[in-house]
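So the structure is just underneath, and the comments pick up after that.
The values are calculated or read from the model by the stated rules, or taken from the named source; none is laboratory data. Note that the structure is predicted; figures quoted are calculated from it, not measured. All Cβ positions, even for glycine, are placed from backbone atoms using ideal geometry, and neighbour counts span all protein chains on display.
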C-alpha cells in the first residue's frame, strides 16, 4: 500500500460481512449491515505529549480490532475499500484465539 497515516490515525480493512441470514436468506449488498470489526493495515507513529515526547499507538499492523458503527472515513486505495480513523475510535483488540473460535 502506498499510504502512510499520520499521527494517531490507523487504516483498517473491514472484515467481510455475512451474505446470508441465519435462516439461509441471501442478503443483497445494499441491505447488508457493515461489520464493526477489521484488520489494521497501517498505523501512524503516534502523538506527541505536552513535553514533546512521542507516545506510540496501542495498535499495530495485523491487529484485529473492533470499532464503532459510524467510526472512520471510508476511502478507496489501490481498489480496496478501507477506513481511516483515529486510534481513539478503536474500541479494542480482538485476540486471535477468539477469531479462530468464531470462524469454526
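Checked against (1) in contact with a strand residue (DSSP E or B) (Cβ under 7 Å, 6 or more places away or on another chain); (2) modelled with pLDDT of 85 or more, residue 50 meets all criteria but (1). If you check 5, 35, 45 for being at pLDDT 90 or above and part of a loop (DSSP other than H, G, I, E, B), only one passes: 45.
Considered as a group, the residues in region 8-32 that are in a strand (DSSP E or B) and more than 16 Å from the chain's Cα centre (by Cα) include one that is modelled with the lowest pLDDT, and that residue is 20.
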